[in-house]
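Accompanying notes for the structure given below.
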Amino acid sequence: MIEKLNSYSFSNLIRNKPIQNFAFLATIQASNVIISLITIPLLIQSVGVDQFGLVNLALSIIVLFNILVGFGYNLSGPREVALNHQDKQALSHLVSNIIFSKMLMAMLASLCILIAIFAIGMFQEYQWILLFSTLLLFSEATLPLWFFQGMEKMKVISIANVFSKLLYLLGIILFIHSPEQSIWVNFLMGITGLSINLLLLLYIHFQMNIKFYKPKFLQVFDSIKENGLFFLSNMAGHISINGGLIILSFFSTAATLGMFSLAERISMVLRLFPSLVIQAIYPNAARLFQTDKTRFFSFLKKSYFVTLILGLFGSLLTFGFAPFIIQLLAKSYLEESIQFMRLLAFVPFLACLNIPNVMVFLVKDQKSLMFRSSWMSTLYMLPACSLLTYHFGGLGLCFGLLSTELIILAICTILNFSRNRTDVLAFWKSIA
């Protein structure tokens, strides 16, 4: 009995690799959230609500292009690294191919933005903010998170991420003091991230003995081709979840954009919760699905219930404390932002409802179903949110985003029942 208790001791738990990786992954997300929450009131006071909205709009466009830069390597990279973690030669070629491919995509994305600004004349109101934000594309290209995930060495990159965010915060405090300086906000995020990422690549080279080769074009082409489905799924998923601010920019003023982006920041922070849960339980769920389906369904059921309870609690808490949160971040009572936040507060809980569907797709490696569900959801979100925003402004967009989460749930459920009926029925039977 004593030996069994000792096996669950705290010291053994903290030495457990999956738990360590989850803790470090949570540290990365937590540092991003905390720094984001600290910078919001600083930026609003320094550049104003209008410019704050434009900065976030430019950031939303860059994040959309970052899906192109990442090109699905955040999903395929860790697996390939894990499979070759003892082969330095294979790792060297893998790292070289992925970094080169992502840099190529970053240059392509930058070129698209330059053409849109100077040749087509798009983004007139914030073109210089967007232009200086392109450095974030190269920060994304050099981020080796996928490598450290595959090697199960998350400590190094979690420390580096915290240091990068602190440098960004310091830059905001030292250099951003007026609306005219809003063009430098995203640039500071990009330059600090890129600098730390380059140091991480040097660490990989010198401390982990990973060499960098000039990749062959055919290898890069094959790598990009293999990740095409991941890229398209990620792109569709990002548009359906994070495309609201871009849609709102076509129908509203900069002031409304600022108030909506303030509420959306909090919503997106909370929406990280179901994603983090999926990343945390996926490895164990995948193993159990292959070895013991009864234990898999039991594990998924427990994880699902805990996630739903915590998700609902977080949504209700955000709804109730919306006035206080807005007052704290904006240093003023913004009624419109409060209304936006109270509606968007339930987006994370609705996302939690879809966890069993996503988990079944993942453990069965059904990339095609993930692709279909992502694009079907996007094909609903774009016209629905555009129409609601056109008629009802920011409130209409909030209802559109809430309905999109329900549509995502419905689509994934229907696809699961049509392709994975036995597993889906077994899961719901375990709940009953």
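Summary of computed values
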quantity: Per-residue SASA entry for Tyr380, accessible area with 1.4 Å probe, Å² rounded to 10; calculated: 70
quantity: Within the accessible area of the chain (1.4 Å probe), percent carbon and sulfur; calculated: 69
quantity: Surface accessible to a 1.4 Å probe, Asp292 within the full protein complex, Å²; calculated: 50
quantity: Simple spin-label estimate for Lys364 and Ala119 in nanometres, 7 Å along Cα-Cβ; calculated: 4.4
quantity: Cα-projected label distance for Leu202 with Ser332, points at 7 Å along beta-carbon direction, nm; calculated: 4.4
quantity: Distance in nm between pseudo-label sites at His177 and Leu312 (7 Å out along the Cβ direction from Cα); calculated: 5.1
quantity: Residue-normalised accessible area of the chain, given per residue in Å² at a 1.4 Å probe; calculated: 48
quantity: Rounded to the nearest 10 Å², the accessible area of Arg295 at probe 1.4 Å; calculated: 140
quantity: Order by protection proxy (mean Cβ within 10 Å, highest first), peptides 194-200, 95-101, 317-323; calculated: 95-101, 194-200, 317-323
quantity: The chain - charge dipole about Cα centre, Lys and Arg +1 at Cβ, Asp and Glu -1, debye rounded to 20; calculated: 1420
quantity: Answer label for semi-axes √(5λ) of the Cα gyration tensor in Å (calculated), chosen among [x] 38, 28, 22; [y] 33, 29, 23; [z] 53, 23, 17; calculated: [y]
quantity: Net charge of neighbours whose Cβ lies under 15 Å from the Cβ of Gly393, counting Lys and Arg as +1 and Asp and Glu as -1; calculated: -3
quantity: Sorted peptide list for 247-254, 395-402, 82-89, criterion being average Cβ within 10 angstrom, highest first; calculated: 395-402, 247-254, 82-89
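The values are calculated or read from the model by the stated rules, or taken from the named source; none is laboratory data. Note that this is a predicted model, so its numbers are computed, not measured. Glycine also receives a Cβ, built like all others from the backbone with ideal geometry; neighbour counts cover every protein chain displayed. Side chains are part of the model used for accessible areas, which takes the heavy atoms of the whole protein and leaves out ligands, DNA and RNA. Shrake-Rupley method; radii C 1.70, N 1.55, O 1.52, S 1.80 Å.
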